[in-house]
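These notes concern the structure reproduced below.
The values are calculated or read from the model by the stated rules, or taken from the named source; none is laboratory data. In this text the structure is predicted, and so the values were computed from the model without any measurement. Note that we place each Cβ from the backbone using ideal geometry, even for glycine, and neighbour counts take in every protein chain shown.
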Amino acid sequence: MSTINFSAREINFKIVYYGCGLSGKTTNLKQIYDHVPGDGKGEMVSLQTEDERTLFFDFLPLDLGKVNGFKTRFHLYTVPGQVFYNSSRRLILRGVDGVVFVADSAPNRLRANAESLRNLRENLDEYNLKLGDLPYVIQLNKRDLPDALSVDMVRSVLDPTGTVPVFEAVAAEFRGVVEPLKAVSKLVLEKLAQKA
Ligand SMILES: Nc1nc2c(ncn2[C@@H]2O[C@H](COP(=O)(O)OP(=O)(O)OP(=O)(O)O)[C@@H](O)[C@H]2O)c(=O)[nH]1
Ligand SMILES: [Mg+2]
């Protein structure tokens with residue numbers, strides 16, 4: 001649900017990075033924060049637990065240029081991946097405009113990826129939203145792992161129809177971080193243009 005501020009000529013969008021625990025969601029936001037020039041970003045906020053795992057979310061506002069004279073401000077959020085923080089996850093999805101699903105390439109996380117995707121669909125359902133109707137891309141992270149699953153293998157589980165854009169990434173090295181963000185932002189803007 002994008003919000004438009006006509007007097008400030010500003011459009012705000014909410015992009016949520018979703019995925020299982022430790023898949024690399026926070027790493028994505030940190031890397032984006034570190035690589036975007038100062039005037040294009042706001043403060044990154046992380047609400048973490050004592051063990052430094054995300055409890056509520058990470059948040060990063062980003063200005064991505066102008067569209068039809070309107071400033072576009074993207075609000076990037078991550079959710080806590082750990083299974084028991086579902087109420088936080090659900091809350092963060094409120095008003096979501098687009099999703100980057102961060103999948104872990106480790107063989108022993110295949111099931112956790114699938115469960116997280118199922119959980120995403122369930123939580124979207126609470127807002128009467130369907131993943132298929134939302135701008136949505138998959139980032140296949142941790143491609144540097146020596147035993148990383150093949151792209152086809154993960155895709156067959158997370159996107160059996162082969163219709164979702166998939167991007168390979170090593171978020172920890174800032175590889176494949178910008179592409180999924182650009183892709184989902186483009187889809188979000190296209191969707192807004194269709195509605196206008
Ligand atoms: N090998 C490898 N490790 C990565 C990569 N990206 C992130 N990591 C590591 O994975 C661990 C978890 O990363 P986070 O970004 O905190 O994961 P998260 O998805 O935010 O985890 P939660 O907030 O607990 O859901 C950290 O130790 C990262 O350094 C990558 O591309 N390759
Ligand atoms: Mg995190």
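Observations, loosely collected:
- Residue within the stretch 30-40 that is more than 8 Å from ligand 1 (Cβ to nearest atom), under 22 Å from Y136 (Cα atoms) and touching a residue at least 40 places away in the same chain (Cβ under 8 Å) present: yes
Results for (1) within 15 Å of ligand 1 (Cβ to nearest atom); (2) buried (at least 18 other Cβ atoms within 10 Å of the Cβ); (3) at pLDDT below 95, shown as yes or no for each residue.
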{"position": "L149", "(1), (2), (3)": "yes, yes, no"}
{"position": "D152", "(1), (2), (3)": "no, no, no"}
{"position": "S156", "(1), (2), (3)": "no, no, no"}
{"position": "T163", "(1), (2), (3)": "no, no, no"}
{"position": "F174", "(1), (2), (3)": "yes, no, no"}
{"position": "P180", "(1), (2), (3)": "yes, yes, no"}
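- Some residue of the stretch 125-143 being within 12 Å of ligand 1 (Cβ to nearest atom) and of a type in the set (V, I, T): no
- Residue selected from the stretch 71-95 under the condition assigned to a strand (DSSP E or B), in contact with a Phe, Trp or Tyr (Cβ under 6 Å, 6 or more places away or on another chain) and within 14 Å of G19 (Cβ to Cβ), by the criterion farthest from ligand 2 (Cβ to nearest atom): Y77
- Among the residues listed as S23, S46, the single one being without any contact (Cβ under 8 Å) to a residue 60 or more places away in the chain and either within 27 Å of E122 (Cβ to Cβ) or assigned to a helix (DSSP H, G or I) (or both): S46
- Residue check for D63: of a type in the set (D, E, K, R) and within 13 Å of ligand 1 (Cβ to nearest atom): no
- Scanning the stretch 41-62 for residues that are surrounded by 14 or more Cβ atoms within 10 Å (Cβ to Cβ) and charged (D, E, K, R) returns K41, R53, D58.
- Residue that is under 26 Å from A148 (Cα atoms) and under 16 Å from the mean Cα position of the chain (by Cα), where the choices are G95, G19: G19
- Condition broken by P80, with the remaining ones in (1) crowded, with 22+ Cβ neighbours inside 10 Å; (2) at pLDDT 95 or above satisfied: (2)
- Within the set L55, L29, the sole residue that is hydrophobic (A, V, I, L, M, F, W, C), within 21 Å of E179 (Cα to Cα) and within 13 Å of ligand 2 (Cβ to nearest atom) turns out to be L29.
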